[in-house]
1. If one computes the Cα centroid of the stretch 195-270 and of the stretch 112-164, what distance in Å separates the two points?
2. Rounded to two decimals, what ratio of Rg to Rh does the stretch 185-237 give with C-alpha atoms and a Kirkwood Rh?
3. Which links in 80/171; 171/324; 80/226; 172/341; 205/359; 90/171 stretch past 26 Å when you go from one Cα to the other?
4. How far apart, in nanometres, would the label points at residue 338 and residue 222 be if each is projected 7 angstrom from Cα along the Cα-to-Cβ direction?
5. Okay, which of the stretch 150-191 sit inside 12 Å, backbone N to the point 7 Å along the Cα-Cβ direction of residue 234?
6. Around residue 327, with a cut-off of 13 angstrom between Cβ atoms, what is the net charge of the other residues, counting Lys and Arg +1 and Asp and Glu -1?
7. Round to a whole number: what % of the accessible area of the stretch 265-357 belongs to carbon and sulfur, probe 1.4 Å?
8. Between the DSSP loop rule and a limit of at most 13 other Cβ atoms within 10 Å, which trypsin sites (Lys or Arg not before Pro) in the stretch 87-140 are left?
Amino acid sequence: MSDACAPGGRRVPARSCLRGWWGMPRLWTPRVAWKRVAAAACVPANNAEGILSLRILANICCCLELFMLAILTAKYPAIKALMRPDPRLKWTVLGLVLAQLLACWLVRGLAWRWLLFWAYAFGGCVNHSLTLAIHDISHNAAFGTGRAARNRWLAVFANLPVGVPYAASFKKYHVDHHRYLGGDGLDVDVPTRLEGWLFCTPARKLLWLALQPLFYSLRPLCVHPKAVTRMEVLNALVQLAADAAIFALWGLKPVVYLLASTLLGLGLHPISGHFVAEHYMFLKGHETYSYYGPLNWITFNVGYHVEHHDFPSIPGCNLPLVRKIAPEYYDHLPQHHSWVKVLWDFVLEDSLGPYARVKRVCKLAEERL
């Protein structure tokens, strides 16, 4: 593990490092790292080892997005033109929400076993897709940064079929995921020590995957609690009103259908493979992976995850163009080919589990202790 942090296989002096879960050297100080970045900036684009070193160094400084923005937009100005709102996003969200409302009407008279079947097979896909639409909207992909309020309310609208208020809280914490990737006490995407210790066998890891919605919703309250915002209160009120209206119009089964769609679709579901595929260390020295398969069609291209972390202001619809414009920066990187296989390997491989994440101690996290 430690050799992956030092290009060329050199071990980093202990005084220049911060330590991860395994007690291994993780990071260089920003001053040392930025000197190396500056020195390495002339590496040719077709030098895979050099590009990997640059990417690792930029990740170390928690400035990968700014770094890749500077390097790639200088070489490929066309990439900067991709940083524009997605005009189709709002209509896609509208279609998905209406599809779930129609499903609510249709499941009123279904037997419970069929209701749960369709919640997994159809509703789970739609609700998971809506959560990823909320992810895109959290980056102001629908209306641009100049219309932040419209983006927030569209996210609240996309939240309606999810059944529980989610959109406003997600945006509040997702900023830290990009700013402090793997940051101890800051990036709530990283599992806790308790999760890593408890869910360490195949059966327990299977249970952990099935309960992902619960861990993702409760972990921020334990790891990095923040004050409740006005937008979160409004999000909750709108969601409760929508749930009450559906219950008053069509009864209990549609409400159960929506909640089951969320729990099942975000739990042990093929699409949920992206939760594990994105940042779990399947290969030594690589903490972010992309997936270029067909499930991107219904997940707003969240599989293009390296590209997304390089350019979070580019909406999902344009991320394939980033790889097409600058293939030498992405094609040589390790990638996943199946989210189902990701889940299979995660459960059965002893080297994988909640512990298989890079965890950094960021300066802000140290000040909080």
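1. Rounded to whole Å, the Cα centres lie 13 Å apart.
2. Reported Rg/Rh, Kirkwood definition of Rh: 1.08.
3. Details: 80/171 23 Å; 171/324 29 Å; 80/226 33 Å; 172/341 31 Å; 205/359 19 Å; 90/171 17 Å.
171/324; 80/226; 172/341, as the Cα separations exceed 26 Å there.
4. 3.3 nm
5. Taking a point 7 Å out along Cα→Cβ of residue 234, the residues of the stretch 150-191 whose backbone N falls under 12 Å are 150-157, 168.
6. Numbers: positive: 75, 323, 324; negative: 307, 328, 331.
Value of the local net charge: 0.
7. Values: 2120 of 3400 Å².
Carbon and sulfur together cover 62 percent of it.
8. Working: sites: 88, 90, 108, 113; in loops: 88.
Qualifying residues, ordered by number: 88.
The values are calculated or read from the model by the stated rules, or taken from the named source; none is laboratory data. What you see is a predicted model, and the numbers here were worked out from it, not measured in a lab. Because the Cβ atoms are built from the backbone with ideal geometry, glycine has one as well, and the counts that use them run over all protein chains shown. The area values use the complete protein model at the heavy-atom level, side chains included, leaving out ligands, DNA and RNA. Shrake-Rupley method; radii C 1.70, N 1.55, O 1.52, S 1.80 Å.
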